[in-house]
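This report concerns only the one structure given below.
The values are calculated or read from the model by the stated rules, or taken from the named source; none is laboratory data. Please read all numbers here as calculations on a predicted model, not as lab measurements. Reconstructed Cβ throughout: ideal geometry from the backbone, glycine too, with neighbour counts over all protein chains shown. These area figures cover heavy atoms from the full protein model, side chains too; ligands, DNA and RNA do not enter into them. Shrake-Rupley method; radii C 1.70, N 1.55, O 1.52, S 1.80 Å.
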Amino acid sequence: MTPAQAGITALPGPRRVPGLRREEVAMLSALSTDHYSRLEQGRQAHVSESVLKALSRALRLDEAEAAHLRDLAAPSGRSRRPAVAVQRADPGLLRVATALDHVPVLLLGQRGEVLARNALLLAVLGYPMLPGSSFTEYLFREPLARERIANWADFAASSVATMRMELGRHPDDRRLASAVERLRRDDPDVARWWDDHTVRDYASVRKRITHPEAGPLDFNIEVITAPHVPDQHLVVYTVEPDSATARALPFLASWAPTGTLAPGPL
């Protein structure tokens with residue numbers, strides 16, 4: 001953000017970076033420059049919620065970015081949610097997934113682990129997506145993902161931003177950190193998107209599929225999260241009524257297995 005974008009007059013003197021200076025951020029946040037310097041340098045042991053809100057307003061952070069800032073700052077009194085080793089699909093979200101058998105549905109847990117999916121998702125993506133597998137590994141390491149997802153780059157960049165958000169929530173999750181490091185090392189796209197420092201929570205996004213039998217399919221991806229299981233996300237592939245995609249789904253469902261695939265009984 002430049003001083004002009006922030007609505008202030010730039011301080012005099014040469015600028016080493018195009019963005020705001022430390023003194024300008026401090027002024028916008030109603031903080032002393034010394035206080036803000038301690039925050040930047042990690043010398044402030046505790047950061048109050050009021051200071052985080054002031055910084056979020058000054059930097060014009062959106063909801064996801066402000067939440068990420070709170071995760072990184074870990075202010076006093078805030079408890080982190082621990083990363084779990086063994087994940088079990090929430091029964092309520094599974095019942096919702098079963099009721100939505102007319103559209104592709106995927107239930108994801110921490111680290112992008114597949115907890116459940118229905119048969120129509122397999123028919124659309126052409127990939128088994130077995131419970132216990134990694135959606136992230138599929139997205140970045142499976143060639144079929146790049147072939148079938150027409151807007152793969154947009155969808156993948158959003159997934160990297162989501163991984164950064166999740167790592168901020170679970171900074172001690174070594175499995176997640178290792179997975180991110182491997183992807184950054186092996187995939188230049190991931191490395192570039194990660195270095196952009198973009199964060200995004202699970203949110204609606206458009207997904208275009210190139211299907212070998214049904215032709216082009218257009219979905220709006222909607223994400224449902226239950227308050228009691230905030231790290232599980234029901235990903236629903238919604239369609240516009242009477243669209244070509246809506247008309248193609250019954251055809252795909254007619255030769256797909258039925259039911260929701262998940263560990264154990266529904």
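For the range 155-209, filtered to residues that are closer than 14 Å to F140 by Cβ and among the aromatic types (F, W, Y), the residue that is modelled with the lowest pLDDT is F155.
The number of residues in the range 230-259 that are buried (at least 16 other Cβ atoms within 10 Å of the Cβ), part of a loop (DSSP other than H, G, I, E, B) and out of contact with any His (no Cβ under 9 Å at 6 or more places or on another chain) comes to 3. Within the range 191-228, the set of residues being of a type in the set (V, I, T) and either crowded, with 18+ Cβ neighbours inside 10 Å or more than 20 Å from R95 (Cβ to Cβ) (or both) comprises T198, V199, V205, I209, T210, I221. The residue of the range 35-50 that is most open to solvent (accessible area, probe 1.4 Å), among those that are under 17 Å from R70 (Cβ atoms) and among the charged types (D, E, K, R), is E40. In the range 28-70, the residue that is nearest to S204 (Cα to Cα) out of those that are among the charged types (D, E, K, R) and not in a helix (DSSP H, G or I) is D62. Out of (1) of a type in the set (S, T, Y); (2) under 22 Å from V239 (Cα atoms); (3) surrounded by fewer than 16 Cβ atoms within 10 Å (Cβ to Cβ), what's the single condition that is false for S178? Here S178 clears every test but (2). Selection of the range 1-25 for residues being closer than 19 Å to D62 by Cα and either surrounded by 12 or more Cβ atoms within 10 Å (Cβ to Cβ) or under 28 Å from the mean Cα position of the chain (by Cα) (or both) yields M1, T2, P3, Q5, A6, G19, L20, V25.
Against the definition (open to solvent by 80 Å² or more (accessible area, probe 1.4 Å) and among the basic types (K, R)), how does R95 come out, yes or no? Criteria met by R95. If the condition is being open to solvent by 20 Å² or more (accessible area, probe 1.4 Å), part of a helix (DSSP H, G or I) and aliphatic (A, V, I, L, M), then the range 143-162 contributes L144, A153, A157. For the criterion of being among the small types (G, A, S) and either modelled with pLDDT of 95 or more or assigned to a loop (DSSP other than H, G, I, E, B) (or both), A85 passes. Only one of the listed residues (V114, V103) is open to solvent by less than 40 Å² (accessible area, probe 1.4 Å), within 17 Å of Y202 (Cβ to Cβ), in contact with a helix residue (DSSP H, G or I) (Cβ under 8 Å, 6 or more places away or on another chain) and not small (G, A, S). That residue is V114.
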